[in-house]
Amino acid sequence: MSLTLTVDGERWRAHLLATATRFPGIVPVAKGNGYGLTLGRLARRAQWLADHAAETGAPLDLLAIGTYDELDEVTSRYAGDVLVMTPWRPFGTATRLDARTAARVVHTVSRPADLEALLAHDPSARFVLEQLTSMRRHGMTRRELEATAEVLGAGRSGLRGIALHLPLNTTSHLGEVSRLVNEVVASGLPARTIFVSHLTHDELGRLATTYPDFTFRPRIGTGLWLGDRGALRVTATVLDVHEVERGDVFGYRGRSAPKSGHIVVVSGGTAHGIGLEAPTGDQSLKARAATLARGGLDAAGFVRSPFSIDGKQRLFAEPPHMQASMLFLPSGARVPRVGEQVDVRVRFTTTDVDHVVVD
Ligand SMILES: *Cc1c(COP(=O)(O)O)cnc(C)c1O
């Protein structure tokens with residue numbers, strides 16, 4: 001009755017070890033829905049990677065998470081330090097950590113005033129300073145870094161490095177990273193560790209050569225947990241099948257079948273993050289008229305679903321329900337039986353499966 005993520009455990013674990021080996025200094029990122037695998041599972045896996053440091057040759061001493069609210073999920077399963085990537089602010093969960101948890105946290109500080117407030121709140125706090133990148137999400141400008149160097153003065157012991165959050169899909173990050181690193185040097189901050197996001201293996205190698213005094217530590221989520229897609233399979237269960245003739249009424253909206261076929265009810269709906277996809281194909285008026293003439297389902301307003309049966313992506317008969325979806329299968333196609341598993345193509349970061357099975 002469920003939406004299930006099946007993990008080829010051996011293959012997945014091999015990929016995790018290979019990635020940790022390939023990216024020395026890696027800081028695994030576990031946040032949100034745990035990339036579809038759950039936060040708790042990723043925290044346990046991060047501990048497992050730490051335990052396998054001898055094999056990977058890559059000691060793993062830090063796990064990055066998104067928010068302070070995620071701390072409880074991970075600190076019971078992963079024993080090391082936890083970098084919270086959302087910048088510290090003088091309010092909310094960040095200010096209410098118990099002493100044991102606080103001692104394991106490395107904060108991200110993105111405004112000079114917050115550094116003063118954090119150190120007033122917890123003088124032994126450890127932190128990274130986030131530098132503003134072309135993302136312009138959070139971070140300090142060159143001037144703010146300089147101001148921060150002054151705030152820190154002699155009390156620099158909590159500083160663990162600089163954090164850069166770089167955009168995805170730019171041709172090269174090297175020019176921008178070089179400029180930012182030069183700003184760090186100019187600021188007088190003693191930081192020599194730079195935590196980076198979204199750099200390629202090649203870019204990391206070149207930075208290490210260009211800046212031998214610095215250590216670049218990649219924060220990696222997608223490439224680690226989801227980097228070997230072939231190890232992961234999401235399936236839904238066929239819950240019901242109804243034969244329909246052209247004109248038969250079905251669904252919440254009482255629409256009628258544009259042609260004969262089957263309504264196939266599968267598990268997985270809006271509660272899992274299954275949403276409407278873009279309408280199929282060419283939607284020009286002419287194309288619509290042509291498909292309409294052929295009795296095309298997309299012309300009848302059916303939109304593509306992420307479910308596929310026998311390798312063919314099927315159309316939603318109507319928008320997904322909370323925990324199930326109704327698909328339309330035109331006559332001629334093989335009709336799946338109740339209980340059969342069908343493939344679902346999902347975005348892992350926005351999908352919550354009912355369970356994860358690690359083979
Ligand atoms: C989510 C996140 C990452 C990891 O991104 P992936 O694309 O999943 O590797 C790295 N850095 C920051 C600041 C993030 O928020």
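Derivation of every value follows stated rules applied to the coordinates shown; laboratory data play no part. Remember, predicted model here, so these are calculated numbers, not experimental data. Backbone-built Cβ (ideal geometry, glycine too); neighbour counts: all protein chains shown.
General remarks:
- Burial order of peptide ranges 247-256, 106-115, 348-357, 218-227 (average beta-carbon count within 10 Å, highest first): 106-115, 218-227, 348-357, 247-256
- Within the chain: Cβ-based charge dipole about Cα centre, in debye rounded to nearest 20 (Lys, Arg +1; Asp, Glu -1): 620
- Sum of side-chain charges, residue 342 neighbourhood, beta-carbon under 9 Å (Lys, Arg +1; Asp, Glu -1): -2
- Each principal axis of the Cα cloud of the range 3-92 was evaluated for its coordinate range; sorted largest first, these ranges are 42, 35, 20 Å.
- Within the shell of other residues whose beta carbon sits under 12 angstrom from the beta carbon of residue 65, the net charge comes to -1, with Lys and Arg scored +1 and Asp and Glu -1.
- Neighbour net charge for residue 1 - beta-carbon separation under 14 angstrom, K R +1, D E -1: -3
- For the chain, alpha-carbon Rg relative to the globular expectation (2.2 N^0.38 Å, N residues): 1.22
- Taking every DSSP helix (H) stretch of at least 4 residues in the chain, weighting each as -39,500 (n - 2.57) and dividing the sum by the residue count yields a mean residue ellipticity at 222 nm of -7500 deg cm²/dmol.
- For the chain, the longest principal axis of the C-alpha atoms and the axis of helix 112-121 are separated by about 80°.
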